[in-house]
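Worksheet: one structure, shown below.
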Amino acid sequence: MNEHSHGRLIIVSNRVAIPKRRGAVAGGLAVGVLGALREQGGMWFGWSGKLTDRSDAEPEIVRKGNIEFATIDLNEQDFEHYYNGYSNKVLWPVCHYLLDFLIYDSADFDGYRRVNQAFARKLASLLRPDDIIWVHDYHLIPLAAELRSAGVDNPIGFFLHVPFPSYEAFRAVPGHEFLLRALTAYDVVGFHTPRDLKAFRTCLEEPIVDATFIDDTRVRVGDGELIADVFPIGIDVDEIQKLSSDSQSMKTVQRMVSSLDGRQLLIGVDRLDYSKGLKLRLRSYERLLERYPNAQRNVTFIQIAPPTRTGVRAYDEIRSELEQTSGHINGRFAESDWVPIRYLNKGVDRKPLMGFFRNADVGLVTPVRDGMNLVAKEYVAAQDPRNPGMLVLSSLTGAACELTDAIIVNPYDRDDVADGIANALSMSLDERKERTASMIEVLRKNDITAWRTRFVDALMRKRVGPRLDA
Ligand code: ADQ
């Protein structure tokens, strides 16, 4: 615990994940944030997941242990514009450098601003003077500016879970000047990797905001000061190791293993999202079967990808594309006693999932762009240290900045990925052990506690710094 840890930690994110039962599937953000709140105590504020035709609903507050969950319902139209619209059809694709997926409507931008204003208004009434506020992700960029206009003077930090695009991509966003100015209303702005921070600096150099760099992480903005720094998100290594070894006695895990019939297993686990490079991954696997005929009959690829953001057209399309591609590959290579791809269009609970990871000879993590990618980290942590599998990791993920001992591949190059998989499948036990041990060391150093402690400490320093002297 750090020296300034009095006062509540207020987490704000689009969606609040109230834990219902143990082992339920959670997104990357939820896993990280719950860990932070349990340690520090405080409140998690955001959308309830429910839609309403009203727009004046009061927050509903539920307490569980040392955490209060304060949720608001969103007006159906607002949600469509703010979430499906500006957040996921503009910001998500641009942050992932996938500009072809950008679909803009000015009504979406209006909705995005409206929902941020509503979040600020409703949150402001729940705040106490010694709270520190930590805002998460691209849905809520304008929140600090809105809170400041509502008179909130507390330290406010922002963490971006997706990549930050360099100015050449960012300027394609209608409203990017507004977003950039809004980002400078925070006290601390955090990214996963040095590359994201560098990209953010390319935006601050533009004459949109009046920003001067004092050093690597401190930026003077007008007469205030902003910290922009790197805080790589991590995992709870011990928790994953325990889940993964405990899961070996589970029926689901044992049935999966015995169904392999001694074949080597490749595993991919992602939300069904075009940034995850799933179609290219299937094509790379097809290339493996072509180039390394020995792999035929001797490997099984399980891809687990539950649908998300249904109702956004690009997401519905990718779903049917993947069904087609996996069907095509299975049709081309399957035998009466072997199917090359098992494609599961649903989520799996956390414990058996870690058990699947432990039994997989190769973890395939090949997004065309990813802020961090926690699956890569979980896969490595879940391995049996006596006989670990190997991670094949896209160079375009944040995780590749840290897990340099994985087999790093370019997800756009199917030959490179196929060779990477073949290399992983045939790697000696000594080399696998050595690489895994050094990756585990990195995972422990930058674990989930380090992530939240470093961010919260940076934010706390703002409270004891100039703000109190003023
Ligand atoms: P996501 O894009 O959701 O997160 P990721 O980092 O891989 O991606 O986190 C996903 C989490 O959900 C992991 O804990 C994983 O185990 C779980 N999960 C994913 N698919 C699953 C499935 N099919 N079944 C069960 N569980 C599944 C965003 C950013 C990332 C960033 C995180 C955290 O896009 O780049 O790493 O936030 O900052």
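The values are calculated or read from the model by the stated rules, or taken from the named source; none is laboratory data. Not measured: the values here are computed from a predicted model. Cβ sites come from the backbone with ideal geometry, for glycine too, and all protein chains shown count toward neighbours. Accessible surface areas use protein heavy atoms only, side chains included; no ligands, DNA or RNA. Shrake-Rupley method; radii C 1.70, N 1.55, O 1.52, S 1.80 Å.
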Among L374, Y285, T397, whose Cα lies farthest out toward the positive end of the dipole of segment 281-413, if unit charges sit on the beta carbon of Lys, Arg (+1) and Asp, Glu (-1)? L374
For V135, the residues 5 or more places away or on another chain with a placed amide H closer than 5 Å to its own amide H are V12, G157, F158, F159
Quick one: order K377, K242, K20, K89 from most to least accessible surface, probe 1.4 Å. K20, K242, K89, K377
What percent do you get for the relative contact order of segment 90-153 when only Cα pairs under 8 Å and 6+ apart count? 34
With +1 on the Cβ of every Lys and Arg and -1 on the Cβ of every Asp and Glu, the dipole magnitude of segment 301-383 about its Cα centre, in debye rounded to the nearest 20, is 320
Note down the magnitude of the dipole of the chain about its Cα centre, charges +1 on Lys and Arg C-beta and -1 on Asp and Glu C-beta and zero elsewhere, to the nearest 20 debye. 1160
Helical contribution to [θ] at 222 nm, DSSP H n ≥ 4, -39,500 (n - 2.57), averaged over the chain, rounded to 500: -12500 deg cm²/dmol
Candidate aspartates and glutamates - alpha carbon under 17 Å from K433, same-chain residues fewer than 8 apart omitted: D361, E378, D384, D405, E441
Tell me the angle of helix 237-246 to the major Cα principal axis of the chain, expressed in degrees between 0 and 90 and rounded to the nearest ten. 40
Under the definition of Cα pairs under 8 Å and six or more residues apart, what whole-number percent is the relative contact order of segment 352-470? 23
Violating pairs (Cα-Cα greater than 18 angstrom) within the set K279/K351; K242/K377; K276/K346; K20/K276; K64/K351: K279/K351; K20/K276; K64/K351
N298's amide H: which non-local residues (gap 5+, or another chain) put their own amide H closer than 5 Å, with H modeled 1.01 Å from N in plane and none for Pro or chain starts? none
Over the heavy atoms of R283, what accessible area does a 1.4 Å probe trace out, to the nearest 10 Å²? 70
What is the packing order of peptides 227-238, 321-332, taking the mean over residues of other C-beta atoms within 10 Å and listing the highest first? 227-238, 321-332
By how many degrees, 0 to 90 and rounded to 10, does the Cα axis of helix 414-426 deviate from the longest principal axis of the chain? 70
For V162, the residues 5 or more places away or on another chain with a placed amide H closer than 5 Å to its own amide H are Y138
Would you list the P(r) distribution for the chain, with all Cα-Cα distances sorted into 20 Å bins from 0 and each bin expressed as a whole %? 24, 56, 20, 1
